[in-house]
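One structure is given below, encoded as C-alpha cells.
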2 protein chains.
Amino acid sequence: MQYHFNKSQQSIESLIAEVSRHHIEHSTDPAIRDSKANTPHSPVTPDETPVTVFFPRSTSDVSVILKACNERYTAVTSFSGGTSFGGALTSTRGGICVSFERMKSIVALHEDDLDVVVQPGLGWVELNEQLKDKGIFFPVDPAPGASIGGMIAMSCSGTNAYRYGTMKEWVISLTAVLADGTVVTTHRRPRKSAAGYDLTHLVIGSEGTLALVTEATLKLAVLPQNLHVGLVTFDTFQQGVDIVVALQRAGHQLEALELADGPQVYCINYSNLARVDMAEKPTLWLKFAGSSLQLVKDQIKTVKALCEEQRALTYEITSENERIGVLWDARKCIGRALVMMKKDPSDLFMHSDCAVPISNLAALVEGTQKLIQEANEANQKSSVAPKQPWFCANVGHVGDGNVHSSIICPAADKSMVDEVLKKVARLALSLEGTVTGEHGVGLKQRGALVDEVGVEGIDVMRRVKSAMDPKGILNPDKVFALDDKSVVKGAKL
Amino acid sequence: MQYHFNKSQQSIESLIAEVSRHHIEHSTDPAIRDSKANTPHSPVTPDETPVTVFFPRSTSDVSVILKACNERYTAVTSFSGGTSFGGALTSTRGGICVSFERMKSIVALHEDDLDVVVQPGLGWVELNEQLKDKGIFFPVDPAPGASIGGMIAMSCSGTNAYRYGTMKEWVISLTAVLADGTVVTTHRRPRKSAAGYDLTHLVIGSEGTLALVTEATLKLAVLPQNLHVGLVTFDTFQQGVDIVVALQRAGHQLEALELADGPQVYCINYSNLARVDMAEKPTLWLKFAGSSLQLVKDQIKTVKALCEEQRALTYEITSENERIGVLWDARKCIGRALVMMKKDPSDLFMHSDCAVPISNLAALVEGTQKLIQEANEANQKSSVAPKQPWFCANVGHVGDGNVHSSIICPAADKSMVDEVLKKVARLALSLEGTVTGEHGVGLKQRGALVDEVGVEGIDVMRRVKSAMDPKGILNPDKVFALDDKSVVKGAKL
C-alpha cells in the first residue's frame, strides 16, 4: 500500500483557515512547533517539524481538526506530556501537531464508584494532587511529567504496576476521535462489560496511530494504608529475584518491588541525589501496605525470614514517614542519576526495556551484563588512543520481570551501543520475553517488534490501522513503518 | 458490503476431502452436528445446521481448516463448552463447525511465573482440578461447563470477577488462527508488554468473529487462604448496595459479593437445592480471604459494624468448611433453581445481564422490578382467561454493578418478555450502564449494542472485522449483523 501526504503550502493554508473558522487556536511559532515535536528521545529534522500546532479545547475541536487533516492528506502527531521514549512523538511526514495543553480538566469525579472522567492533557501527578484529600488515587506512575493521553497512547506503567497493573487495567472507557473526525465512545462507565469488540484496549498502546483520545474514564484506588518501605542488599541479583518469586508463591502481594544492580547503586551514590549512603550491592526496594497492619506485619515477617535464608548483607524496613521518603526517593532518583553519569553533555543515555517471565529475569540480567561488558571492552580495544568506557547499570521492576539496562556513552559510540542493545533484545526474546515492557515501540523498536510478533502479527496491525485510518494520517510510521518499504528512520533488529 | 457464502454440495465435498487429506477427523452425523450448534440459548434451524463438524488436534489443524473454508467462502462456527447465552453459537449461514474437544491439554505449567499455557477445549473446572494440589488456581469462574476457548471468545466473568477481574485481566497471550489460516501469537509470556497493538484484547470478547484461539497463556493466582463466608439479610436491596460501597471506600477488597432479592431467595428455598432454609429477604453473600487471618478479621469487623448500622435482619459469618460449603452452594445453585421455577417444560427462562456503575445499581434493580411487575400485571389483564403469572427475581454480582433479572414465563409470552427486557436494557443505558456485563452480544443483544456504542462504534467494529476476515466467514452475524441490511435473526433495541 502506498500512502500519500500533501505538504503543499496551499493545503496547509486552507487547513488553518478551516480550523480557525471554528475558533480553535493554533501557533506557527517555530519555538512552539519545535517544543511539541523535538524531545531528546524524539528528535525531528527541521523539514519534518509540524508546520503548525493546534490547541483544541474539546472533543468536537479535535474532530474538526482531524476531519480537516484527513480531507487534505495531512499527517497528524499529538502531544500531551512529552515524556515518551523511542521516538513515538517524532514527526516523520511533516503535517500538524495536536497539543492537549488546553484539555487538562477533571470532567467528573464519582467517588462512590471509584472512577474519574478526565481530559487527556491532565498529568497523573496533578490528578493525584486533586484526589489526595479524598483518600483515593490513580495508581499508574510513569515519569512525573506524563499526561493521561500519552499514558494511554503508550500503555505505560511504573513502579506501581506490580501491585496495580498497567494502564491496560485502569481505563474503563475512552472517547476517541478517528482519523476522519468520527467520535467514538468505546464503553460506558460500569467496571465490567462484554459489549462487543474491546475498542478501549485497541486504542490503549496504539501510540496515537489509530485515534486521538479526548476523554478517559479511569478507575481509582483507595490510598495505601499502613505504608512500610524496606531496603535489602545481597551478594547477587539472583538472590533478590528468588525472594520475589518466593513472596509471590506465598500469596503475598506487596505494593512495589524494585531491584537494582551494584553499578546502579554506585550511580545513585555518585549523583548525591539520594539522602542515604547505600551499599553498592544488588539492592531490593520493597513497599508494603494494606487495610490491616497485621497483614503488613505478616508480609514483613516472611520477607525477613527469606532474607535470613538468603544471607542478605543489609536489611532495613521502616514505617517512619521521613525515612520512607529517604529510601523511596533513592529509587525514584535513578533516571536523573543516570543522566548525571554523562562525562560530557553530548554523551548519550541509552537503555533497554525488556521484560521476561520472572523466572528468566536473572538470566536476562546476567546475560545482558555479559553482552554489554564484552561490547564495552571491545569498544575500548578498537582504538589505540584511550577511550572512555561506558557506564552500565541495571534496574528492574522485578515483580513484572521488566528491566532497564542503561548505557551512558560518548555520542561516537552510538552505533556500537545500538548493536549491543539489539543483542539484549534478542536475548530477551530467546527467554520468552518482550522487547518493550512499558516504553512502547515508537520508531526505535519497530524492527524488534517484527522479531517479536512476526510478520504475521505486524500484518494484522497494518490491516487494523488501514481499516481505522485509511489515509494513514495519524502518527505515521510509529509501531510499524507505514509503507512496506519504509523510507524513514528505524532499522530491523 | 455484501458477503457471499458458498453452500454448494460440491464445495463442501471438496472442503472435507481437502481437510481429511491432513488426517483431521470430522463427523457428518446429524446428532453430533446438532449438538454443536443447537443449545437452549442458541437454537438453530435445520437448514442452517453446520454440514460437518471438524475435530482439530493442533493449531496447524485449525489453520488447515480455516484456509480451506476461506478459499471456499464457507461459514465457520466454533464450539468448546457450549454454555454461552444469547445465540453466540447459533449458525446463521450453514457452513461447518470447529469443535475443540480434542484440544483439552495443559501445554505448559510455569509455577514460579504463576502462568499456564492451555488448549481452548480445556474447562476451567478441569484446569483448577489439575492445579489444586499446587495451591494455585485460575480465578475466572463462569458456568461450570465453560471451556477456556469460549471464555476468551465471550470475555466472561463470574462471582470471582469482583476480586480478580474478568477474562480480560487473566490472559497474557493467545495463539490465534485468522480466517485465512494465518497463525498469530499476540504476545509473549511476560506479564507486562507494550509491544504494539493489543491483539490479545482485540480477540478476547470478539465471540469467534475475528480469529479462533488455539492456545492461551493464562495468569494464575495463589488459592485464597483463611476463607470465611457470610450471609446477611436486609429489608431492602439498597441496604446491601450501601454496605458494598462503604466496604470499597474503606479500602477492603473482599473475595466475592453477591446480592439477591427476596423472590430470588424464595426460588432457592422452593428448589430445595440448598442445604439451608433462608429468610426470603434481600440477601448479601460475602466471601473473605487473605494471606493474613488478621486482615480477614478486620474486614469482618467492618462488615459487622456496617450491618449493625443498617439494622441487618440476620447475620452469619463462618470459617467452618462444611458451613462455608452450605452457604456458598446456596448462591451457586441459583441458575438451576431458576430453571426449576418452570411450571411446564416448555416455559422459558429469560434474563438480563446489565451492569451499571455501582452507585446506580439500586436504581437499576428497583426500576427493573417495577418494569417487570407492570408488564407481568398487564400480561395477566390482557386475557379474560386466567394466565399464569411470570416468576421474576434478581441476583447481582454487586461489587461489579452487574445484575441478572430473570423471568420464567410461558412460551406464549416470549414477545412480551422480550419487550420488557429491552426496556430494562434502556434503563441500564440511561444509568450509564452496559446491556451486557458478562454474557456477551451474540445475536440477541445486537440491537442493544447499537444503542450502547452508537452506529459509529458498530462501524469501527465492522471495519476491524472486515480487515481481519474480509470474506466474513468467522461466526457471521454475531456481535453485529454481517450485512448492513441483515436478513437474519435479531432486532434493534
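Points worth noting:
- Verdict on residue A:216 being outside the structural domain of residue A:70 (by the TED database), crowded, with 24+ Cβ neighbours inside 10 Å, in a strand (DSSP E or B) and small (Gly, Ala, Ser): yes
Okay, residues lined up against (1) farther than 25 Å from residue B:152 by Cα; (2) away from chain B (no Cβ under 11 Å); (3) open to solvent by 20 Å² or more (accessible area, probe 1.4 Å):
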{"residue": "A:132", "(1), (2), (3)": "yes, yes, yes"}
{"residue": "A:138", "(1), (2), (3)": "yes, yes, no"}
{"residue": "A:148", "(1), (2), (3)": "yes, yes, no"}
{"residue": "A:201", "(1), (2), (3)": "no, no, no"}
{"residue": "A:211", "(1), (2), (3)": "yes, no, no"}
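- Flag if residue B:472 is at positive phi and out of contact with any Cys (no Cβ under 6 Å at 6 or more places or on another chain): yes
- Once segment B:274-306 is narrowed to residues that are in contact (Cβ under 8 Å) with a residue 60 or more places away in the chain and of a type in the set (Val, Ile, Thr), the residue that is nearest to residue B:239 (Cα to Cα) is B:303.
- Strands (runs of 3 or more DSSP E) enclosed by segment A:1-94 - at least 1 residues per element that are under 30 Å from residue A:404 (Cα atoms) and outside the structural domain of residue A:155 (by the TED database): A:76-79
- Look at (1) away from chain A (no Cβ under 14 Å); (2) outside any helix (DSSP H, G or I) and you find that residue B:307 fails only one, number (2).
- Residue count for segment A:441-465, restricted to those that are closer than 18 Å to residue B:173 by Cβ and either among the hydrophobic types (A, V, I, L, M, F, W, C) or open to solvent by less than 10 Å² (accessible area, probe 1.4 Å) (or both): 11
- If the condition is being crowded, with 24+ Cβ neighbours inside 10 Å and of a type in the set (Asp, Glu), then segment B:414-439 contributes only B:438.
- Among (1) more than 7 Å from chain B (Cβ to nearest Cβ); (2) open to solvent by 10 Å² or more (accessible area, probe 1.4 Å); (3) part of a loop (DSSP other than H, G, I, E, B), the one test that residue A:188 misses: (1)
- Verdict on residue A:38 being farther than 23 Å from residue A:436 by Cβ and of a type outside the set (Asp, Glu): no
- Annotation: of all residues in segment B:224-241 being in a helix (DSSP H, G or I) and touching a Leu at 6+ places or on another chain (Cβ under 8 Å), the one that is farthest from residue A:293 (Cα to Cα) is B:237.
- Residues of segment A:422-469 satisfying the condition of being out of contact with any Lys or Arg (no Cβ under 8 Å at 6 or more places or on another chain) and on the phi > 0 side of the Ramachandran plot: A:440, A:454
- Residue match in segment A:81-96 (condition: aromatic (Phe, Trp, Tyr) and either open to solvent by less than 10 Å² (accessible area, probe 1.4 Å) or under 26 Å from the mean Cα position of the chain (by Cα) (or both)): yes
- Look at segment A:248-273: where a residue is within 18 Å of residue A:235 (Cβ to Cβ) and a partner is of a type in the set (A, V, I, L, M, F, W, C) and open to solvent by 10 Å² or more (accessible area, probe 1.4 Å), sitting 6+ places away or on another chain with Cβ atoms under 8 Å, you get A:259/A:237; A:261/A:237; A:263/A:391; A:263/A:392; A:265/A:278; A:265/A:279.
- All positions within segment A:264-292 that are surrounded by 18 or more Cβ atoms within 10 Å (Cβ to Cβ) and part of a helix (DSSP H, G or I): A:264, A:265, A:266, A:267, A:268
- Within segment A:217-229, the presence of a residue that is under 18 Å from residue B:202 (Cα atoms) and either more than 8 Å from chain B (Cβ to nearest Cβ) or under 23 Å from the mean Cα position of the chain (by Cα) (or both) is excluded.
- Pairs, first at positive phi in segment B:215-238, second β-branched (Val, Ile, Thr), C-beta under 8 Å, six or more apart: B:226/B:296
- The conditions of being more than 12 Å from chain B (Cβ to nearest Cβ) and under 14 Å from residue A:218 (Cα atoms) are met by residue A:122.
The values are calculated or read from the model by the stated rules, or taken from the named source; none is laboratory data. These figures come from a predicted structure and were not determined experimentally. Positions of Cβ are generated from backbone atoms using ideal geometry, with glycine treated the same way; all protein chains shown enter the neighbour counts. Heads up: the accessible areas ignore ligands, DNA and RNA and are worked out on the full protein's heavy atoms, side chains in. Shrake-Rupley method; radii C 1.70, N 1.55, O 1.52, S 1.80 Å.
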